[in-house]
Amino acid sequence: MLQGFYVELKRLAALLVLALLGGWILKAWLPVLLLVLVVYIGLCLWQMYRLHRWLETDRKGAPPEASGLWGDIFDAIYHMRRQQKREKQALQAVIHRVQETTSALKDGVILLDWRGYLDWWNPAAQRLLGFYNSDQGQSIINFIRHPRFVEYFEAGAYSDPLDIPSPRFAHKRLQFQITRFGKNERLIVVRDITRLHHLEQMRKDFVANVSHELRTPLTVIAGYLETMADNNTLPAWDKPLSQMQQHARRMSLLINDLIVLSKLETADTMFNQGPLTLAPVLQTIRAEAQVLAQEKQQSLSLDCPAGLQVMGNGKELHSAFSNLVVNAIKYTPAGGKVNIRSWRSGPSVYVSVSDNGPGFEAKHIPHLTERFYRVDPSRNSGTGGTGLGLAIVKHVLLRHDAELQIESVPGQGSVFTCILPASDPHQPGSSQSLPAR
């Protein structure tokens with residue numbers, strides 16, 4: 001480009017020299033100089049016209065022939081256009097490849113613009129949701145009107161997927177996972193989970209049915225064992241009968257917990273939920289657990305302000321809090337301390353159960369709410385627990401849009417804190433810290 005510029009400068013200098021010579025010969029400096037400048041400007045305008053005509057009418061052809069600066073400009077633009085063309089072809093190849101890949105997916109893929117309007121979708125999404133080409137540019141809410149999806153979409157919290165019935169096929173179940181990208185654009189992956197949903201429902205029905213079917217024969221067995229133990233005249237049978245009664249009671253507790261879990265999984269989430277005053281619930285739990293604490297000579301304290309309310313189901317929350325308190329008593333040594341405390345901070349209400357028991361390592365925390373998970377199998381079997389207490393707590397809190405926070409230090413104790421929405425989330429609350437162990 002610089003070489004062409006120097007050539008153009010030499011050309012202009014030569015024209016000025018000729019203008020000076022012509023003006024000296026004709027004794028008319030100014031007219032000759034103006035004539036030369038007009039001719040030079042005319043040549044530049046001609047080159048500009050050729051460039052414009054080439055860009056407008058003959059984009060694919062070679063650039064016009066020119067020398068000097070204009071020749072360099074034509075060549076630079078020509079090479080830039082060829083480079084742009086190659087990049088465009090490469091980009092189109094990538095887009096085509098992506099479209100081919102997404103078209104082969106069994107899961108639906110939907111692209112939304114920043115407004116939440118349909119921009120593109122693959123054949124699987126068209127098959128699952130019944131889109132047409134004319135639907136492009138329409139809001140996704142117009143096609144998926146389920147209240148849970150509308151709430152999920154507008155809330156903007158997409159960390160967890162959403163499972164709802166298919167808006168097109170009544171017998172199908174779909175899972176929606178939304179991811180943000182670009183300038184507030186959204187990618188929706190739609191997965192047909194009908195088979196998994198049916199399998200999960202079969203599992204729930206199986207557990208519920210088996211639990212109910214086992215309850216009656218176990219009650220009969222326990223009754224006969226109790227009768228045999230009361231009328232036993234052979235000392236050698238005292239220990240076997242006692243062990244059989246102990247395990248029968250444990251099986252009964254296990255069946256009861258399985259039935260509770262089954263009800264939590266199948267009942268409507270908002271069933272009998274409303275404003276609930278915590279103090280009476282926690283006082284009842286403390287009174288029920290006081291007998292067990294006294295047997296181990298433990299201190300069981302309660303700190304709950306009067307009038308503190310949450311949105312929830314009293315029976316379910318009683319079950320969750322009771323499981324936390326009973327677990328703390330079981331795993332805290334004789335003479336230990338268990339504290340139940342509740343307070344409000346902002347729009348949330350906190351209910352914590354702390355103890356000064358043996359605690360456990362942090363690696364166990366993610367697994368504690370799994371069914372039948374044991375931190376120490378030998379120790380848990382000695383407590384008579386079923387291994388389902390924290391699973392029940394987890395399901396109850398999920399049904400209340402609440403969460404469970406667990407802290408523990410080996411040798412110092414543990415703190416289990418339930419965070420629930422207050423009955424009036426707009427009413428300010430006092431900020432308080434977690435209870436000290």
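Residues of the range 87-115 that are closer than 18 Å to Q175 by Cα, touching a residue at least 60 places away in the same chain (Cβ under 8 Å) and surrounded by 14 or more Cβ atoms within 10 Å (Cβ to Cβ): D107, G108, V109, I110, L111, L112. Screening V190 with (1) within 30 Å of W120 (Cβ to Cβ); (2) out of contact with any helix residue (DSSP H, G or I) (no Cβ under 6 Å at 6 or more places or on another chain) gives one miss only, at (2). Might you let me know whether the range 67-85 holds any residue that is assigned to a loop (DSSP other than H, G, I, E, B), in contact (Cβ under 8 Å) with a residue 24 or more places away in the chain, out of contact with any Asp or Glu (no Cβ under 8 Å at 6 or more places or on another chain) and surrounded by fewer than 18 Cβ atoms within 10 Å (Cβ to Cβ)? Within the range 67-85 (the criterion being assigned to a loop (DSSP other than H, G, I, E, B), in contact (Cβ under 8 Å) with a residue 24 or more places away in the chain, out of contact with any Asp or Glu (no Cβ under 8 Å at 6 or more places or on another chain) and surrounded by fewer than 18 Cβ atoms within 10 Å (Cβ to Cβ)), the answer is yes, since at least one residue qualifies.
Looking across R115, R127, one residue alone is under 15 Å from E185 (Cβ atoms), assigned by TED's automatic domain parsing to the domain that holds R186 and not in a strand (DSSP E or B). It is R115.
Out of the range 151-170, which residues are under 10 Å from the mean Cα position of the chain (by Cα) and of a type in the set (A, V, I, L, M, F, W, C)? Matches in the range 151-170: A157, L162. Residues in the range 352-388 that are within 21 Å of E288 (Cβ to Cβ), modelled with pLDDT of 85 or more and assigned to a loop (DSSP other than H, G, I, E, B): G357 alone.
Taking the range 279-309 as the range and being over 20 Å from D355 (Cβ atoms) and in contact with a Cys (Cβ under 9 Å, 6 or more places away or on another chain) as the test, only A279 passes.
Checked against the criterion of being of a type in the set (S, T, N, Q) and at negative phi, the range 154-164 has at least one qualifying residue. Here V349 qualifies as assigned to a strand (DSSP E or B), of a type in the set (V, I, T) and farther than 30 Å from I255 by Cβ.
When restricted to residues that are of a type in the set (K, R), assigned to a helix (DSSP H, G or I) and touching a residue at least 24 places away in the same chain (Cβ under 8 Å), the range 162-219 contains 2. Assessment of the range 321-329 against the conditions (in contact with a Ser or Thr (Cβ under 6 Å, 6 or more places away or on another chain), of a type outside the set (K, R) and modelled with pLDDT of 90 or more) yields no matching residue.
Where the second residue is at pLDDT 85 or above and in a loop (DSSP other than H, G, I, E, B) and the first is charged (D, E, K, R) and surrounded by fewer than 17 Cβ atoms within 10 Å (Cβ to Cβ) and lies in the range 368-395, which pairs have Cβ atoms under 9 Å and are six or more apart or on separate chains? From residues that are charged (D, E, K, R) and surrounded by fewer than 17 Cβ atoms within 10 Å (Cβ to Cβ), the pairs are D376/P358; D376/F360; R379/P358. Only residues that are part of a helix (DSSP H, G or I), at pLDDT below 90 and under 25 Å from G346 (Cα atoms) were counted in the range 274-314, giving 1.
The values are calculated or read from the model by the stated rules, or taken from the named source; none is laboratory data. None of these values were measured; they are calculated from a predicted model. Don't worry about glycine lacking a Cβ; one is built from the backbone with ideal geometry, like all the others, and counts go over all protein chains shown.
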